[in-house]
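Structure record follows, encoded as structure tokens.
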Amino acid sequence: MKIFGRGSHLGLVLLLAMLLVGFTVALAITALWPQALLAGIVIACCAAILVMIGMVRVVGRRWVLWLAVPAVALAGLGAVMLAEDLGLSRTGELTEVVIVDHTVDVQTSYITSSRTEREAYTHKYILEHPDGTPIEKPMIYRGEDGYDDFDTGDTITAFIDPEGSSPTEPAESVSIGADIAILIVGLVAVIGVFGMCSLLLLLRDTKRA
């Protein structure tokens, strides 16, 4: 029997191991090099896609994706968020800063298939130290509303990387505890889905015996 052939219990175990290793590598890369966030996301997505394909092949049922995709996505999201916040906490310094300017860049793109417009918002917050010394790297927020609680003239606490390798982020947006909670819930859901698939294969083997 092929390792990743239909009904292979070993294949199912190896797929779970591959997923955990992929997420661990993505977490480690992003935590060590926050500027490599995109690389971490790509690694996590590739690991998830390969495992999803392998699960369908081993279990032989496409409906398992309805359970596996949300669980894997949640675990992957938790891993990436935790890695990003760990990287910011490691490289950034908690610094009191003043918001001196806030600009919004709106880019409009067109979806030709539906002839509708899509707008992408990028908020840029220019910062300086309380003594007036400018901070070279601005605080960026990509989304329509920006940071609702921040406005020009406000004094906030942010993570500032002296070397400029990691992004500038408000301290309140870094929540390692919440990231760990999301990751744990996601991993529990993933293990539950793999356990269900293993039980399904076991029942199938029992019927054949």
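The values are calculated or read from the model by the stated rules, or taken from the named source; none is laboratory data. These figures come from a predicted structure and were not determined experimentally. Methodologically, a virtual Cβ is constructed for each residue, glycine included, from the backbone with ideal geometry; neighbour enumeration extends over all protein chains shown. Quick note on the areas: whole protein, heavy atoms, side chains included, nothing else; ligands and nucleic acids left out. Shrake-Rupley method; radii C 1.70, N 1.55, O 1.52, S 1.80 Å.
Of note:
- Residue that is farthest from the chain's Cα centre (by Cα), among those in segment 185-205 that are surrounded by 14 or more Cβ atoms within 10 Å (Cβ to Cβ) and either among the small types (Gly, Ala, Ser) or under 17 Å from residue 81 (Cα atoms) (or both): 198
- Of the helices (runs of 4 or more DSSP H) contained entirely in segment 1-96, not one carries at least 2 residues that are within 30 Å of residue 158 (Cα to Cα), without any contact (Cβ under 8 Å) to a residue 24 or more places away in the chain and open to solvent by 80 Å² or more (accessible area, probe 1.4 Å).
- Against the numbered list (1) in a loop (DSSP other than H, G, I, E, B); (2) more than 25 Å from residue 37 (Cα to Cα), residue 110 comes up short only at (1).
- Subset of segment 127-164 (residues that are in contact with a Gly (Cβ under 9 Å, 6 or more places away or on another chain) and assigned to a loop (DSSP other than H, G, I, E, B)): 136, 137, 161, 162
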